[in-house]
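Read through the structure below, which is laid out as structure tokens, and then see the notes.
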Amino acid sequence: MILYLDAQNGVNEDAIFSIGTVNRTAVFPREVVKKALDHQAVSLIVVHNHLSSSTKPSDADIMLTRRIRDALALVDIALHDYLIATSNNVSSMKALNLL
């Protein structure tokens, strides 16, 4: 899911971006940038769920977060955070100093 934010950090739109399988989904940074521009976003918050009870980011989560951040930066859109959620917990890449 992505929250598309305006200049005052208000939510312009929230949308499910990708639906995956039990252990994988396809997310392409160029498509994240395209949708952000379509929604006239100034910044984003990306959220994805882990079906396990662990909110610990995988190496793939960390790499994808950085690729999205870098792609958005090319068009002056900030990635405020990348959250990983389970049924009872949330982890923030920003709070973990991974963003």
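Since every read-out is calculated from the coordinates, none of them should be taken as a lab result. Everything numeric here is computed off the predicted structure, so don't read it as measured data. Using ideal geometry, Cβ is built from the backbone for each residue, glycine included, and neighbour counts are taken over all protein chains shown.
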| Which lysines have a Cα less than 25 Å from the Cα of K56, not counting those fewer than 8 places away in the same chain? | K94
| remark: If Y4, Y82 are placed from fewest to most neighbouring beta carbons inside 10 Å, the sequence is Y4, Y82
| remark: Over all Cα pairs of the chain, the Kirkwood radius sets Rh, and Rg/Rh then becomes 0.94
| field | Distance in nm between pseudo-label sites at D59 and A85 (7 Å out along the Cβ direction from Cα) | value | 2.9 nm
| Angle between the chain longest axis and helix 59-73 axis [Cα atoms, degrees, rounded to 10] | 0 degrees
| task | With springs connecting C-alpha atoms under 10 Å apart, model the chain as a Gaussian network and identify which of I45, I77, I19 has the largest mean-square fluctuation. | result | I19
| Which residues make up the longest stretch of the chain that has no trypsin sites (Lys or Arg not before Pro) in a DSSP loop with at most 16 other Cβ atoms within 10 Å? | 25-93
| task | Round to the nearest 10 and give me the degree value, 0 to 90, for the angle of helix 29-38's Cα axis relative to the longest principal axis of the chain. | result | 50 degrees
| query | Can you tell which of N89, N12, N49 shows the greatest fluctuation in a Gaussian network model of the chain with Cα springs below 10 Å? | reply | N89
| request: Report, in deg cm²/dmol and to the nearest 500, the calculated mean residue ellipticity at 222 nm for the chain, where each DSSP H run with n ≥ 4 adds -39500 (n - 2.57) and the sum is divided by the residue count. | output: -8000 deg cm²/dmol
| request: For K34 paired with N9, estimate the spin-label separation in nm (one decimal), with each label point 7 Å from Cα along the Cα-to-Cβ line. | output: 3.0 nm
